[in-house]
Amino acid sequence: MKFWSVAVLFTALIAATGCRHDSQVLLREAKANGDKFILQRKYPEAVISYRKAVAIDAKDGPARLGLANAYLLSGEKVSAAREYIRAADLMPDNVSAQVQAGKMLMIAGQYAEAKARAVAALEKEPKNVEVLTLMGNALAGLKDLDGAISHVEEAIDTDPHRTLTYANLGAIQQAKGNVAAAEAAFKRAVDVEPQSVPAHNSLANYYLASNRLSDAERELKVSLGLDPKSAATNRALAFLCIFQNRAEEAETYLKAYAELSTETGPKLILADFYLQMNKTPQALAVLQPLLNTKDGFVPAKLRIAAVDFFANRRPQAYQALDEVFKREPKNELALLEKGRFLLSDEKPTEALAQANLAVTGNPKSVPGHYLRGIALQAAGDNDEAIKAFQQVLQLNPSAVPAQIQLGDLFLTRGDAAAAAEMLGQAVKNQPQSFLAHLLLAKSLLRIRDVNRAEAEATALAKLDARSADVQAVLGDIYIAKGDLSRAKESYSRALAIQPASLEALRGLVRADLIEKNVPAARSRIESRLAAAPNSAPVTLLAGEVYVATGDLDRAETMFRRTLVADPSNIEAYSRLGVLLKRQQRLDDAKREYQQAIQRQPKHAVAARTMVGIICSLQGKADEARREYEQVLAMDPQSPVAANNLAWDYAERGGNLDVALSLAQTAKARMPKSWEASDTLGWIYYKKGLEDLAVTALRQGAEQAPSNAIVHYHLGLAQLKKGSTKDARLSLERALKLDPNFASADDARRVLATVKG
């Protein structure tokens, strides 16, 4: 029995020894094949061979190092970095492996880990130039610039003929701000090896960073003469020419860069250049071959989709995106591109769905949240749009486009102070942004910082004297300063540049009426009416002019025409209602609108809304409520009915939660309406939400600075919040604006208690 056990054991030992022998043979063969393929420049085959080797023995350091080199030569840098670090861990005494691992860690920004590799290697070879240079670069990454300079200078002392060490020293001196020393180091690299392309390119990069463009170009052309096939040199020259608007020369270098590189990126850069230069056939010629490559299919197809879309080949564009989704159903770039297409096609709800998919897949997607904001804004949901843009800024606090959008939204909803703050950040982050400065000027004017507004607008006028928007803002500023002559000059310039500018027309009419020049005001508005007889903003302005000039019949016609063009225009309803009451024609008008409901069903929402307003003006609150409820049964998003019904519920004992929902609907649909802001703020006040009440009512006060009621409501909300000083100022302003407004007696009573 014991005999057989020993025999079996002996046989097993022989078999195991044979297996180990066979595996060692296979390991040597795999590594030898990998080395052979590297020499033959067959890098993918080398990767396969070395991977076989590490599969046989995962702890074989040379096999790991060979695999790392093969990955690097194949362009798989992430995999190369991983294998260099594994190889270095397996061969702690191999200085070369430690240096390679340190370089990979430097690229990844892991400077402390790179330093640790350099420290270990220096213990074994304290005068190794590669190790000294690695230590210097790691210390530079850790902001120990003096230590970095010391180690790199030691590397130079060890081998004064090594070109790239001087370049490293120049980069560190440049980071420290030693301009002369940096330039001297870069020049020394060229002196040591005049035929070195990297040395000339390093000096050129230094000149580029110093804005010495002609010197940079000289060095780059020397490099190109030394090696016309240098991808890095062709790329640098291309971008230098693009920066200097030398497109034809840039094209030559970009073509060479794309042809010299086996990677997809340079070819996409060339295609993008052609697209920017409106050379679509050339761009497509570059993109089409990329459709047959693994890495190039998606980016090329996305660009082709954009070409089709903007050439008005919509079906082909969407089809191209569908082809991307077949391969990558959750591709973020494709989702965002489809969202942009849908926005252009005026389909904001569908665009929002694409943006939501993008941010679900990548919650940190800045473009995704930005697209959400744009789509929400286009859909009329400004409150949610604001949240989306605020999310962009949480992810990227210096995202200027989001700051501009937020500033514009704040300005739209009447929060000029918040707009000015946000736009101030935008111009700080991007001083060259024309739009940010323009919106900042508007917001400063709204908060009555006239001098700063004038400074912003004047500077913009110097940059672009042909901007109608700037001239119109300047006109508003001069009106605020009481300088009618300069205001009219600016408005006239705006109209000469952009004859359809409503802001400029409104400004000129306003100036005419201030000067009591009625014929001029009528002439201006009638000229515009002839060109745009059915434009709601124009007819509303015309109605205001006719009221101011005493032509009430024509005013009524204009207000009615406004409501036909824009059934949600609360200002037109209000002005028409006041006009009818002033003429004591409410009953006749009411019958007329009731008949219109039957005769013209498509205008029933506007007609029934007008009936509700007339009932309110007649003191028939119950009838008015019923009319508004019927309007909302027909159109739940009708903003005027929602606003008026919300006010009725709040004032006459209705459900405050329902009132709040209605007021929020009205505010979302009419962000510029002081009435909507006032209703929303008043309901917040009634619900005991003082902070929200003050915010909404302050917006209303900014939107209607001359309205006593909204200032009175703001004062009450401020008092309830505990802001006594602000409350007193708001109540005093309300009484100063109109000593006899409906709640003036209560305002005096409250003010007396505040002062007492």
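The values are calculated or read from the model by the stated rules, or taken from the named source; none is laboratory data. Source: prediction; values computed, not measured. No Cβ is skipped: glycine too gets one built from the backbone with ideal geometry, and neighbour counts run over all protein chains shown.
Some observations on this one:
- Options A236, A250, A232, A256: the member that is aliphatic (A, V, I, L, M), part of a helix (DSSP H, G or I), surrounded by fewer than 20 Cβ atoms within 10 Å (Cβ to Cβ) and at pLDDT 85 or above: A232
- Number of the exception - G543 against (1) touching a Phe, Trp or Tyr at 6+ places or on another chain (Cβ under 6 Å); (2) within 22 Å of L440 (Cα to Cα); (3) not polar (S, T, N, Q): (2)
- Residues being of a type outside the set (G, A, S) and more than 24 Å from D272 (Cβ to Cβ) - total across segment 209-227: 9
- Pairs, first over 20 Å from L291 (Cβ atoms) in segment 324-345, second among the β-branched types (V, I, T), C-beta under 6 Å, six or more apart: none
- All conditions in (1) at pLDDT below 95; (2) surrounded by fewer than 17 Cβ atoms within 10 Å (Cβ to Cβ); (3) touching a helix residue (DSSP H, G or I) at 6+ places or on another chain (Cβ under 9 Å) hold for Q319, with the sole exception of (1).
- Neighbours by Cβ (under 7 Å, 6+ apart or cross-chain): first from segment 655-666, closer than 13 Å to N643 by Cβ; second surrounded by fewer than 17 Cβ atoms within 10 Å (Cβ to Cβ): L660/K687; T665/Q637
- Being closer than 15 Å to F273 by Cα, without any contact (Cβ under 8 Å) to a residue 40 or more places away in the chain and part of a helix (DSSP H, G or I) is a condition met by no residue of segment 189-197.
- Just one of the listed residues (S574, S616) is touching an Asp or Glu at 6+ places or on another chain (Cβ under 9 Å), at pLDDT 80 or above and among the hydroxyl-bearing types (S, T, Y), and it is S616.
- Note on segment 618-727: enclosed helices (runs of 4 or more DSSP H) holding 2 or more residues that are more than 18 Å from F410 (Cβ to Cβ) and touching a Cys at 6+ places or on another chain (Cβ under 6 Å) are 621-634.
- Criterion applied to D726, D691 was being out of contact with any Leu (no Cβ under 7 Å at 6 or more places or on another chain), more than 22 Å from S661 (Cα to Cα) and among the acidic types (D, E), and the one residue passing it is D726.
- Matching helices (runs of 4 or more DSSP H) fully within segment 353-453 where at least 2 residues are closer than 30 Å to N331 by Cα: 366-378, 382-395, 400-412
- Once segment 728-756 is narrowed to residues that are among the small types (G, A, S) and assigned to a helix (DSSP H, G or I), the residue that is surrounded by the fewest Cβ atoms within 10 Å (Cβ to Cβ) is A752.
- Subset of segment 617-672 [farther than 20 Å from K581 by Cβ and among the small types (G, A, S)]: A633, S638, A642, A646, A650, G653, G654, A659, S661, A663, A666, A668
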